[in-house]
Amino acid sequence: MADVTETQLVVLGAGPGGYAAAFLAADRGMKVTLIDARERPGGTCLHVGCIPSKACLHAAKLITDVRDAAHIGLKYGAPTIDVNGVRGHWQKVVETLTGNLSRLSKARKIDYVVGQGKFVDDRTIEVEGRGRYHFENCIVATGSVPARPANLNLASPRVVDSTGALKLEDIPPRLLVVGGGYIGLEMGYVYAALGSKVTVVELTDGLLPGCDRDLVLPLHKRLEKMFDKIHLKTKVARLEETPKGIRATLEGEEVADKQPIFERVLVAVGRRPNSRDIGLDKAGVKIDDKGFIAVDEKRRTSVERIFAIGDVAGEPMLAHKATYEGKIVVEVLAGEPAVYDALAVPAVVFTDPEVAWCGLTETEAKRANREIKRVRFPWAGSGRAMTLDRTEGLTKLIVDPETDRVLGVGIVGAGAGEMIAEAMLAIEMGASARDLAMTMHAHPTLSETIMEAAESLYGMAVHQMPPKK
Ligand code: NAD
């Protein structure tokens with residue numbers, strides 16, 4: 001019989017959802033056991049996801065910024081790229097961040113258990129080699145894993161997922177990116193900047209499906225210049241190993257070369273919830289047909305004492321949503337009347353330009369036949385954007401036609417990911433477009449484009465002609 005440890009709260013998975021929940025629960029005096037297969041907290045996001053990819057994107061942006069500086073009279077030579085140095089940068093960041101989290105976990109007296117945890121029943125989790133943990137409550141925060149459809153599942157060191165791409169083993173002369181979503185575009189951007197000839201193949205008729213087309217356009221235009229090819233409405237039917245590299249069979253009307261060869265292939269066609277192999281059936285926890293754990297607004301599962309947060313508990317699979325849910329569950333456990341009632345979730349694609357949006361999108365409004373008012377401010381009218389030589393951006397507000405309440409915001413442009421915070425605050429505070437228009441914004445900044453978009457709703461935009469009467 002395995003050793004049994006009595007604990008108040010088991011958190012299974014130490015990513016941005018799990019570690020936040022564990023830390024906050026410990027701060028409220030709960031006895032917490034945090035279980036993860038990795039030696040240190042951080043999950044996919046810190047170890048092999050958001051953080052390392054942003055470090056690589058920083059390197060990539062420096063390369064493209066320096067190249068683009070020629071437009072403003074600054075000519076540099078071609079960079080000498082040391083992939084070990086670029087990889088070393090992100091590894092150091094990850095080492096520091098996860099080390100800090102380990103220290104914070106210890107300082108909070110959390111029992112951090114390294115190993116794969118599995119439910120044995122609805123009160124117990126077993127960690128192989130470590131024993132059993134008997135809990136009063138449990139939070140499942142096991143995240144997600146890359147999806148690999150059978151036709152793309154070639155076992156070859158040349159075919160990688162996002163984790164493999166981050167290893168930056170070398171700069172492949174030709175890289176195929178399957179999937180024009182978040183990961184495909186971010187890592188495609190990195191490799192293109194480093195010098196690979198990148199081909200992106202996307203199944204649907206546009207990059208970043210689901211995102212408003214006017215926001216994707218400036219990014220698409222820039223990527224067209226950086227990438228070798230972007231094939232839309234195209235399927236990768238097969239991948240085969242050949243002595244020269246991986247041969248991809250492409251099915252799409254506009255593709256000329258149907259069987260190109262690549263030194264490396266990145267498969268980035270989405271992620272699936274990590275709900276298999278953790279014994280959820282033994283605990284009686286229900287999952288839906290996509291494998292997400294079914295939860296209510298308190299993030300409670302079908303079993304009263306078990307909660308689920310983050311990627312495993314539903315879309316969108318974003319770290320900040322997981323952290324937010326972790327906070328809610330800890331409040332629920334503390335007996336507070338908390339529910340998940342976020343009015344919006346920000347989404348950011350960290351390419352350059354960045355694309356960021358939150359709340360209602362124009363696409364969603366159209367699909368739901370919902371009446372909205374839409375105002376846009378093109379960055380060509382922004383003095384700050386001109387000084388940065390980045391006028392391709394666009395800021396857009398989606399507003400309730402009766403109350404002028406801000407329902408959604410979309411931004412594409414350099415630094416859009418930072419700007420979306422103001423939009424989030426506006427939505428959460430129930431601000432109207434007039435509130436944004438009447439809030440003084442520092443000049444000259446890109447954030448003025450939010451104010452000017454709002455001003456245009458009232459015919460008050462100084463740098464844009466009012467609509468013709
Ligand atoms: P994604 O859902 O963003 O994009 C997958 C893309 O692949 C879609 O455009 C889809 O149409 C396409 N696709 C699917 N099957 C295909 C096929 N057979 N051939 C060609 N294209 C195909 O998924 P992802 O890029 O793998 O990222 C996974 C998740 O990770 C995202 O949902 C996101 O939540 C998260 N993520 C977020 C960030 C960020 O916040 N910046 C960055 C990376 C990943």
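The values are calculated or read from the model by the stated rules, or taken from the named source; none is laboratory data. The shown structure was predicted, so the numbers you read here are calculated from the model rather than taken from an experiment. Don't worry about glycine lacking a Cβ; one is built from the backbone with ideal geometry, like all the others, and counts go over all protein chains shown. The protein model used for the area step is the full one, side chains on, heavy atoms only, and it has no ligands, DNA or RNA in it. Shrake-Rupley method; radii C 1.70, N 1.55, O 1.52, S 1.80 Å.
Observations on the structure shown:
- Remark on residue 235: its backbone amide H falls under 5 Å from those of 251, 252, a criterion applied only to residues 5 or more positions apart or on other chains, H modelled at 1.01 Å from N.
- Ranking of 304, 402, 448, 422 by solvent-accessible surface, largest first: 402, 304, 422, 448 (1.4 Å probe, protein heavy atoms only, all chains present).
- Residues 189, 19, sorted by accessible area with the largest first, give 19, 189 [1.4 Å probe; ligands and nucleic acids excluded].
- Ellipticity at 222 nm from helices only: DSSP H runs of n ≥ 4 in the chain, each -39500 (n - 2.57), divided by the residue count, give -9500 deg cm²/dmol.
- Beta bridges by DSSP in the chain, antiparallel share as percent, to the nearest 5: 55
- Relative contact order of the chain, defined on C-alpha pairs under 8 angstrom at six or more residues apart (%): 14
- Cut-off under 5 Å, modelled amide H: who pairs with residue 198 long-range: 175, 228, 229
- Solvent-free Debye calculation, one equal scatterer per alpha-carbon of the chain: log10 I(q)/I(0) at 0.06 Å⁻¹ equals -0.30.
- Of the residues 276, 390, the one with the largest accessible area comes first in the ranking 276, 390, computed with a 1.4 Å probe on protein heavy atoms.
- Inter-label distance, residue 363 to residue 463: 2.8 nm, where each label sits 7 Å from its Cα along the C-beta direction.
- With each label modelled as a point 7 angstrom along the Cα→C-beta vector, the residue 150-residue 39 pair spans 3.9 nm.
- This model, with +1 at the C-beta of Lys and Arg and -1 at the C-beta of Asp and Glu, gives segment 347-456 a dipole about its Cα centre of some 280 debye.
- Among the GluC sites (Glu not before Pro) within segment 217-287, those in coil by DSSP and having at most 14 neighbouring Cβ atoms inside 10 Å are 253, 254.
- For segment 150-269, the residue among 171, 199, 150 whose Cα projects farthest onto the positive side of the dipole built from Cβ charges is 171.
- Accessible area per residue in Å² at 1.4 Å probe, computed on the chain: 47
- Ligands, DNA and RNA left out, the 1.4 Å accessible surface of the chain is 53% carbon and sulfur atoms.
- Nearest-20 debye value, segment 247-348 charge dipole, Cβ charges on Lys, Arg, Asp, Glu: 380
- Computed from the C-alpha gyration tensor, the three semi-axes of the ellipsoid equivalent to segment 393-469 are 18, 16, 11 Å, from longest to shortest.
- Applying a length cut-off of 30 Å (Cα extent along the axis) and a mean Kyte-Doolittle floor of 0.5 to the DSSP H helices of the chain leaves no helix.
- Segment 150-269: antiparallel DSSP beta bridges as a percent of all, rounded to 5: 40
- Built amide H within the under 5 Å cut-off of residue 11, gap 5+: 33, 34, 35, 139
- Once the Kirkwood radius over Cα pairs is known for segment 150-269, the Stokes-Einstein relation at 4 °C and 1.567 mPa s delivers a diffusion coefficient of 92 µm²/s.
- Label-point gap, in nm, between residue 371 and residue 288 - each point 7 angstrom along Cα→Cβ: 3.1
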